[in-house]
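Encoded as structure tokens, the structure appears first; notes follow it.
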Amino acid sequence: MSEEISKEYEEMLDEALEEIPETTPGEKRFEVPEADIDVSGNQTTLKNLKSIADTLGRNPDHLMKYLLNELGTAGNREESRGVFQGKFNKKEVQERIERYTEEYVRCNECGRPDTHMVKEGRVMMLKCDACGARSSIKGA
């Protein structure tokens, strides 16, 4: 009887292992999108704000609010773009997007981007779908 159970277990294990997607060593599953910046006059436009937010799995308004706060400027969202008052270079904006990713997207425990923000009571939490970890996030 136990030999039969062991055989079923082995078969189920083989099936499960076949379902795991193959990844090559060094292959990145997730990359922070690159900012597409246009500076004209005293305005900086992040042309791909919505696509960055979509890739990160976050609301574009939340990302825009974060960027405005971090850059210390005023601005607004116009459809898929973000418009900032002042001149900012690509490096400045890209660093803020990467910081946003570390704070609001990547799991504090496993580092994976498979997270979503949930409100628990009055506290906003980052919940990881990969490892199940929960951590509070400030200013969300």
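Quickly run through the stretch 90-112 and pick out the residues that are closer than 14 Å to residue 135 by Cβ and out of contact with any Pro (no Cβ under 9 Å at 6 or more places or on another chain). Break it down into steps so the answer makes sense when it comes.
Narrowing the stretch 90-112 to residues closer than 14 Å to residue 135 by Cβ: 102-112.
102, 103, 104, 108, 109, 110, 111, 112 - these are the residues of the stretch 90-112 that are closer than 14 Å to residue 135 by Cβ and out of contact with any Pro (no Cβ under 9 Å at 6 or more places or on another chain).
Being modelled with pLDDT under 90 and not aliphatic (A, V, I, L, M) narrows it down to one residue among 86, 75, 139; which is it? Let's see the steps before the verdict.
Working: 86 fails: modelled with pLDDT under 90; 75 fails: modelled with pLDDT under 90.
When all the criteria are applied, what remains is 139.
Identify, by number, the condition in (1) without any contact (Cβ under 8 Å) to a residue 60 or more places away in the chain; (2) crowded, with 18+ Cβ neighbours inside 10 Å that residue 35 doesn't meet.
Only one criterion is unmet by residue 35, namely (1).
Residues in the stretch 114-121: is at least one assigned to a helix (DSSP H, G or I) and exposed (fewer than 15 other Cβ atoms within 10 Å of the Cβ)? Give the derivation first.
Let us first name the residues in the stretch 114-121 that are assigned to a helix (DSSP H, G or I), namely none.
No.
Residues are listed down the side, and each one gets a yes or a no for (1) in the same structural domain as residue 118 (by TED's automatic domain parsing); (2) surrounded by 14 or more Cβ atoms within 10 Å (Cβ to Cβ); (3) of a type in the set (A, V, I, L, M, F, W, C); (4) not in a helix (DSSP H, G or I):
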site: 44; (1), (2), (3), (4): no, yes, no, yes
site: 66; (1), (2), (3), (4): no, yes, no, no
site: 76; (1), (2), (3), (4): no, no, no, yes
site: 82; (1), (2), (3), (4): no, yes, no, yes
site: 92; (1), (2), (3), (4): no, yes, no, no
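Just name the residue that is farthest from residue 128 (Cα to Cα) out of those in the stretch 51-63 that are surrounded by fewer than 18 Cβ atoms within 10 Å (Cβ to Cβ) and not small (Gly, Ala, Ser).
We begin by selecting, within the stretch 51-63, every residue surrounded by fewer than 18 Cβ atoms within 10 Å (Cβ to Cβ); these are 51, 54-55, 57, 59, 61-62.
From what's left, not small (Gly, Ala, Ser): 54-55, 59, 61-62.
Working: 54: 17, 55: 16, 59: 17, 61: 22, 62: 19 Å.
The qualifying residue farthest from residue 128 (Cα to Cα) is 61.
The values are calculated or read from the model by the stated rules, or taken from the named source; none is laboratory data. Remember, it's a predicted structure, so these values are computed and weren't measured experimentally. For neighbour counting, all protein chains shown are included, and Cβ atoms are generated from backbone atoms with ideal geometry for every residue, glycine included.
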